[in-house]
Every structure is written in C-alpha cells, then in structure tokens.
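The next block holds one structure in the form of structure tokens; read it before the comments.
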C-alpha cells in the first residue's frame, strides 16, 4: 500500500511527465508546420530578401529580379555545395544567353569577401555571388541546411531543391527549360 506522500509524488511525476511530453509534441508539430509551410515552398511568392553583391557594397533584392533565376544558397565549408558548383556553372554557361541567371548566395559567417572570391575563382565560378554573412536567407526562405536551390520566375518560386542539386538531371533540366520557355510544360498525369 502506497503512503499518502508517495501517492502525491507519483501524481506530480505523472502530471509533470505528461506536460513535458505535450510540450515536445507541440514543439515538433510547430517546427514541422514552419518547414512544410515554408516561405520557400513552390508556388509561393519570393520572400522579402536582400543581400550584398560579393566584393561590393551594392545591395540587391529578390524583388528586383526579372526573368528566370536559379538561386543557390551555399557555404565554402559545405562538401555538397562544392560538388554542385561545377554543374551550376555549366547550366549558367549553357543557358545564360537564353535568359537564365544563376546566383550563388554565400552564407559563410566568418569568411571574408576575399576568401569567397578566391574559392569561387579556384572552382571556376563566374556567375553572380551574393553575400549573406548574417544568414538571413535561412529565415526568409525558412530553409534548413545548405545547399538549397530555388528556381524563380515572375516573382514566384517554381521549384525548390534541398541538398545537392544536379541541374543537368533530366527532370531538373526540364524544369529550367520550361521556365525559360524552351520546352513545353510537363503534362499532368490524369
């Protein structure tokens, strides 16, 4: 038989444990909602976001972009970012004359502009690089981790890739070419 004191302690632990479990459930559900309803979700307008062009003091904003852009968030310390850069450079060289703009948004917090410019030059990147050392991209797009790539046109996000993206993969190339008006839009299965 449990003493009165022991019963009280058991109830406190039971209610305290239930409160902790409930708090964890609410926290996980909230994080899931933020990720799933992210500002970077396809079909949504581009979020209010601006950054600085590498090596300058010139601020640029997504709202100023026209045409079709492939926006890639990366960091010099990120292995998958480094591995996808040559493919992003290749898609830029192949479709720049068709109107594709490739923009690399660097989110390194401790690297200097010189370090990032040297890194880009060493791997042969010639597309535009924006700097975001405060990593405001993550909040604006509700993104998690690097790399992240967004296909943007007409002020809207057309497609989002989380993790390393191969722009030359057939499905990805079709998305890019469709946005540029170089391919028919994919048909929906009925």
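For the reader, a short list of remarks on this structure follows.
- Scanning region 140-176 for residues that are part of a loop (DSSP other than H, G, I, E, B) and either within 11 Å of residue 69 (Cβ to Cβ) or outside the structural domain of residue 69 (by TED's automatic domain parsing) (or both) yields a total of 2.
- Within region 137-165, being at positive phi and without any contact (Cβ under 8 Å) to a residue 40 or more places away in the chain holds for 145, 154.
- The condition of being in the same structural domain as residue 111 (by TED's automatic domain parsing), surrounded by 14 or more Cβ atoms within 10 Å (Cβ to Cβ) and at pLDDT 95 or above holds for only one of 84, 59, 98, that being 84.
- Residue match in region 109-122 (condition: closer than 19 Å to residue 98 by Cβ and surrounded by 14 or more Cβ atoms within 10 Å (Cβ to Cβ)): no
- Residue 105 in a strand (DSSP E or B) and within 16 Å of the chain's Cα centre (by Cα): yes
The values are calculated or read from the model by the stated rules, or taken from the named source; none is laboratory data. Bear in mind the structure is a predicted one, so any value in this text is a computation, not a measurement. Note that we place each Cβ from the backbone using ideal geometry, even for glycine, and neighbour counts take in every protein chain shown.
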